[in-house]
1. When you look at Thr152, is it open to solvent by less than 30 Å² (accessible area, probe 1.4 Å), under 28 Å from the mean Cα position of the chain (by Cα) and at negative phi, yes or no?
2. Of the conditions (1) open to solvent by less than 20 Å² (accessible area, probe 1.4 Å); (2) part of a helix (DSSP H, G or I), Ser332 fails just one. Which one is it?
3. Mind listing whichever residues of the stretch 157-176 are of a type in the set (A, V, I, L, M, F, W, C) and over 34 Å from the mean Cα position of the chain (by Cα)?
4. Working carefully through the options Arg349, Arg366, find the one that is of a type in the set (Lys, Arg), open to solvent by less than 40 Å² (accessible area, probe 1.4 Å) and either more than 19 Å from Lys220 (Cβ to Cβ) or without any contact (Cβ under 8 Å) to a residue 12 or more places away in the chain (or both).
5. Please work out which residue is surrounded by the most Cβ atoms within 10 Å (Cβ to Cβ), limiting yourself to the stretch 352-363 and to residues that are closer than 21 Å to Met215 by Cβ and under 28 Å from the mean Cα position of the chain (by Cα).
6. So His271 clears everything in (1) touching a His at 6+ places or on another chain (Cβ under 7 Å); (2) open to solvent by less than 20 Å² (accessible area, probe 1.4 Å); (3) closer than 18 Å to Ile124 by Cα except one condition, right? Which one?
7. Here are some residues: Asp121, Asp142, Asp116, Asp157. Which one is open to solvent by 20 Å² or more (accessible area, probe 1.4 Å) and free of Cβ contacts under 8 Å to residues at least 40 places away in the same chain?
Amino acid sequence: MLKTCGKRFLLSIVGATFPCLVVLFVAQLQQRSQVEVVPNGREVGMRSLQSFENLAESHNTQEPHLSQPDPQQQASNPEQGKGFSAYFTKLTRERREAEKTESNPESATEKPHMEDITPNDIFIAVKTTKKFHQARLELLLDTWISRNVQQTYIFTDGEDEELKKRIGSHAINTNCSAAHSRQALSCKMAVEYDKYIESGKKWFCHVDDDNYVNMRTLVKLLSNYPHTQDIYIGKPSLDRPIEATERLGDNLMRPVNFWFATGGAGFCISHGLALKMSPWASGGHFMNTAEKIRLPDDCTIGYIIESVLGVKLIRSNQFHSHLENLQQVPKSELHKQVTLSYGMFENKRNAINMKGAFPVEEDPSRFKSVHCLLYPDTPWCPSYAV
């Protein structure tokens, strides 16, 4: 009797164990086949991640105890838990990188083309007139130009021996009219363009005589773009494209509209794009082009680039003109700005609102205080400028 019971018990154990072994063997084969057929591409990884997320969501809709892992299984197989955790972490990282690329497509195209440039790669043209040499230009010469003499060229309309003593051949008399007309402005811009092309530098940047230029931030900004490609960067003063009439000759005209970066805030053009502008900008062609649309110099630049060449303006809020409320620029963000300005806005004094090294009466533009904030080692800055 006992022998018969023992045989039955042994057969029952064997019968129960054999199906389990078969199930484990089949499961292992399926796991190997999945590993062999699944590629390592990021697309599959993303789909796998979505599958895990869907699985988690479906578990969350079931009873809580069904979604809880078995502590004994985790303890008996720690390597499997670690492998799954590492795999899930990798997929999560890849998804975040993909989302960043989709939300910011410019970063995907700009970062691979970043190039190291120095201030010597930049040609800065300052447009002024002789009557503002003392009222405006002296301030720039004492502040930001003093640290960037080799990169800065001043385009004016009269001879000034004192100016030549300070910056030598970088003081350029355009022999253009001193009037603030579109013809006089376009005349100076034509000279600026030709002088830049002669220099062969990587970047052409134009500013007015009421702009402060932060060279550190300018270099950092332009380093994000390849100078050989078509780059036109600045800040428009209008909230819509400007509308103009293009004269085609024989009394033929057509309407055109385009964005342009205001010269009052400054703008920059890559060398590659500047060369393409040559048929409409070099020599006397710039003034002829300006007459076709009868708009000032900065508008003509935008017309050539956007309307003729089809290159879009890259907007940057790091450029500032007196046409905007400059008091909205916080002191904590000053070091991030490319240009600043001053003047009148809505019949009120318009300048950076900051407590600096100098009182407003002594420094109404706030350029001295800004300069001492950025360069506290300047000899004439107070020791407490920081």
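1. Yes.
2. Failing condition for Ser332: (1).
3. Of everything in the stretch 157-176, those that are of a type in the set (A, V, I, L, M, F, W, C) and over 34 Å from the mean Cα position of the chain (by Cα) turn out to be Leu163, Cys176.
4. On inspection, the qualifying residue turns out to be Arg366.
5. Ranking the qualifying residues of the stretch 352-363, first place goes to Ile352.
6. Result: His271 passes all but (2).
7. After ruling out the rest, the residue left standing is Asp157.
Yes or no, residue by residue, for (1) in a strand (DSSP E or B); (2) modelled with pLDDT under 95:
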residue	(1), (2)
Arg349	yes, yes
Lys355	no, yes
Ser365	no, no
Ser369	no, no
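The values are calculated or read from the model by the stated rules, or taken from the named source; none is laboratory data. Computed from a prediction, not measured in an experiment: that's the story for all the values here. Cβ atoms come from the backbone with ideal geometry, glycine included; neighbour counts cover every protein chain shown. SASA here: full protein model, heavy atoms, side chains in, ligands and nucleic acids out. Shrake-Rupley method; radii C 1.70, N 1.55, O 1.52, S 1.80 Å.
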